[in-house]
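Notes to accompany the following structure.
Every number here is computed from the coordinates shown, using simple stated rules; none is lab data. Since the model is a prediction, treat every value here as computed from it, not as a measurement. Using ideal geometry, Cβ is built from the backbone for each residue, glycine included, and neighbour counts are taken over all protein chains shown.
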Amino acid sequence: MESKERIFKLKGVVQHYAWGGFSFIPELLGMAPDLSKPSAEYWMGAHSSAPSQVSRTDSWQQLNELISANPSDALQHSVVEKFGELPYLFKVLDVKDMLSIQVHPTKENAEIGYDEENKAGIPLNAPHRNYKDRNHKPEVMVALSDFWLLHGFKSKQQLEDTLQNTQELTVLLPLFRKEGIKGLYQFVMEMDQVDVDNLLTPLVKRAIRVKKEGSITKHSPCWWAAKLYEGTGIPEHIDRGIFSIFFFNVVQVNPGEAVFQKAGVPHAYLEGQNIELMANSDNVLRGGLTPKHVDVPELMKHTLFEEVVPQVMKGVSVMPGEINYPCPVPDFGLSKITLDQGMEFHSETFSLEIFIVTEGSIVINQNMVLKKGECAAILAKTKYSLLAPGHATVFKAFVPIC
C-alpha cells in the first residue's frame, strides 16, 4: 500500500567525533552548544548505525523502517532493484581538527574486504575492522565556509619541488626520481618509527616556528604540520601522516564550491564546515593523523598513485534557483536551491529526496514550514513546491534517474 503521507519532517543524528567543533552544528540545529563534547557530523539518511527519524501524524519513526515497509513506494522500483536501499548518506560536517588520511575502496573491493573480514570472524564493531559494509564510498562536499582539504597526490613536478625546497625531505629526492609516487609513498608509510621521528621532528619544529612568525599561510603544508602539534607540544613519536600533508594537494574551497572524491583518491579534511553527500557506506582505510585504526598495507592496496589536479566545482545551473554539482556515480546527486522573497520552486521527486535548510526558511506545498537547520524527506514520485518568505538556501540530496 502506498503511503498517503509523502512529505515528512526529518530529524538527523549528531555524531560526536573528537575532531569536531562545539558550536556550528548545535547553532545550525537551534540547540545550545554542549562544551563537554564536540559535534562533528549531522547524519541525514537511513544508515543502519544511525538512521534518521521522520515525523508521522502522532509519533516519530526511523527512516529505514518507513522505507522497508514499502521500498518501491518510498524509493522507486528501479532504485530498489539497483541498490536495495536508500543509496546515499547526507551530512553536515564541522571540521575543527584534521581528519585522518584516508582512502575509500571501490565497490568490488569493498565486497571482497567485507567478506574476508567476516570469514576471519572480526566483529562489525571491532576497532580494527576496515570494512563495515559491502559498499563503495564516493563522496562530494560543498563548502559552507572557507574550507581546506588534502586531495590526491601533487603532480610529479610539484612533488619534486616540494622535496627540493623542504630541507628535511630532500634526502627523499633520489628515491622519488627513481621509484616515482608509489615508491616514495610506500617507503615513508613503511618506514620504521624511529626514522620517521628523526626525519619529521625537525620539520615540525621548524613549521611551528615559521607559523608563529606569521611567514606562511594555509596554502603551505608547514602551516598544517604546525597546527597538528602547536597546541599540545611535539610528542616522542611523530605521526607519519605529516608526509601526506607535504605530498598531497592542499586545496582551498570557497563557500558554495564543491569537490568530488572517487574511490582510491587519498584525502583528508583539514578545516571548515561543509555539506557532504556519499554512498551509504562507512568504509574508511586510514593512513595517519588519527587515533583510530591505521592499516597501511590495506591503504596502499587501494590507493591511486597518480597525479591529481583538483577539480573545484562551482556548480551548474539546471533551472532557476537550482545549481547542481555533477557527480559521476549513480548513487547520489546534490544540488543547492537558492530562493529570494516570493520565489517559488516547483519539482517532482524521482526517488526519495532529503532537504536541509542552511539559511532562512521555506514553506513546502504551502503547509510545512522548514526553518534554518530543519530537514524534510519527500518520497518518490511526489510533486512539491518550495516558497521562501525571504532569502533561503536549501541543499537537496537525491538519486539520479536510473
Give me the dipole magnitude in Debye, nearest 20, for the range 158-247 about the Cα centre, with unit charges on the beta carbon: positive for Lys and Arg, negative for Asp and Glu. 360
Report the charge-dipole magnitude of the chain in Debye, nearest 20, computed about the Cα centre from +1 at each Lys and Arg Cβ and -1 at each Asp and Glu Cβ. 380
So for each of 179-186, 317-324 I average, over its residues, the number of other beta carbons within 10 Å; can you give me the resulting order with the highest mean first? 179-186, 317-324
What is the Cα centroid distance between the range 149-197 and the range 14-36, reported in whole angstrom? 37
Whether the range 77-190 is rounded, prolate or oblate, judged on the alpha carbon gyration tensor where a/c under 1.5 counts as rounded: prolate
Calculate the dipole size of the range 316-398 relative to its Cα centre from +1 charges on Lys and Arg beta carbons and -1 charges on Asp and Glu beta carbons; express the result in debye to the nearest 20. 100
In terms of the ratio Rg/(2.2 N^0.38 Å) built on C-alpha atoms, what value belongs to the range 316-398? 1.01
Contour minus Cα-Cα distance for Ser145 and Glu236 (0.36 nm per residue): 29.3 nm
Positive-end extreme of charge dipole, the chain - chosen from Ile112, Ser23, Gly287 (charges on Cβ): Ser23
Given N residues in the chain, what is its alpha carbon radius of gyration divided by 2.2 N^0.38 Å? 1.03
Dimensions of the range 158-247 along principal axes (Cα, Å, largest first)? 36, 27, 16
Using modelled amide H (1.01 Å from N, peptide plane; none on Pro or chain starts), what sits under 5 Å from the amide H of His47, excluding residues fewer than 5 places away? Ser52
What is the distance in Å between the Cα centroid of the range 299-348 and that of the range 353-371? 20
Helix by helix through the chain, keep the DSSP H runs that span 24 Å or more along the axis on Cα and average at least 1.6 on Kyte-Doolittle, and give those back in order. none
Given springs between every Cα pair under 10 Å in a Gaussian network model of the chain, which of Gly360, Gly256, Gly231 has the largest fluctuation? Gly231
Cα Rg, Dmax, the range 263-345, angstrom units: 17.3, 56
